[in-house]
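A.B. asks: Please see the structure below; I have some questions.
Nothing in this text is a laboratory measurement; each read-out follows from the coordinates by a stated rule. Just so it is clear, the model here is predicted, and its values are computed rather than measured. All Cβ positions, even for glycine, are placed from backbone atoms using ideal geometry, and neighbour counts span all protein chains on display.
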């Protein structure tokens, strides 16, 4: 059974059809890219998967569980993690404390936040930071981190509740070229080792074709191509509406 199954997903804003009859699957261990021109419907699709928008029609399933109509926090509880294009951490708190907060929520221990938060989940937080390459900076405030390091912290936050599906919205935006490859290689390793299903949007085609196992192309709210990176890169319509001849 697929980790994520989407069938007939549609969303309109007035007379504008942002997403129309979109269907796809993401399996455990896959790193799938969703690409397309600005306005293609990528963000709308992501926001429906995450519960921030309600679809007009269609089905979204995580395993056997339907996600349609659920609030984002309930979808998070079911096993969907998400990172955002613009990072959001508590700048005055340390890297470790940010991850501890996510773990306290995962373990439903937020009631003890004032009395015992500094002592809770320290080893678990450090283990997560080790996985994303941030253990050595665990005690630093997030406010002083480089942007690429903040992206790694955000990934640790998304992993804190042990998701089955990870949604990454333009994960390498604002990062230096070398950092982009390192982050996506990390995502690929997580997908392989944890059988995690990863779905990401991205405008950097080097990242897409270098790290995606499969690519979905949206144009004007509809899927116009889906396949391996080589298949999508060679698709005439994709080249016409998005990639060009470069």
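A.B. asks: Among the DSSP beta bridges whose two residues both lie in the chain, what percent are antiparallel, rounded to the nearest 5?
C.D. replies: Given both bridge residues lie in the chain, the antiparallel proportion sits at roughly 55 percent.
A.B. asks: A further question on this structure: Which residue fluctuates the most in the chain, going by a Gaussian network model with Cα springs under 10 Å, if the choices are 125, 12, 191?
C.D. replies: Its mean-square fluctuation being the largest, the pick is 12.
A.B. asks: Still on this model: With springs connecting C-alpha atoms under 10 Å apart, model the chain as a Gaussian network and identify which of 88, 102, 18 has the largest mean-square fluctuation.
C.D. replies: Among 88, 102, 18, the largest mean-square fluctuation in the Gaussian network model of the chain belongs to 88.
A.B. asks: Identify which of 207, 26, 122 has the largest mean-square fluctuation in a Gaussian network model of the chain, with springs joining Cα atoms closer than 10 Å.
C.D. replies: 122
A.B. asks: Still on this structure, I have one more. Would you mind listing how long the chain runs along its three principal axes, going by Cα atoms, in whole Å with the largest first?
C.D. replies: 57, 39, 34
A.B. asks: Quick check: from the Cα gyration tensor, does the stretch 181-220 come out rounded (a/c under 1.5), prolate or oblate?
C.D. replies: In terms of gyration-tensor shape, oblate.
A.B. asks: Determine the calculated [θ] at 222 nm for the chain from helices alone, applying -39500 (n - 2.57) to every DSSP H run no shorter than 4 residues and normalising by the residue count; nearest 500 deg cm²/dmol.
C.D. replies: Result for the chain: -10000 deg cm²/dmol, rounded to the nearest 500.
A.B. asks: Follow-up question, since we're still on this one. Using the basic label-point model (7 angstrom from Cα toward the beta carbon), what is the residue 162 to residue 146 distance in nanometres?
C.D. replies: Modelled inter-label distance: 3.3 nm.
A.B. asks: Report the Cα-based extents of the stretch 1-123 along its three principal axes, largest first, to the nearest Å.
C.D. replies: That gives 51, 31, 27 Å along the principal axes, largest extent first.
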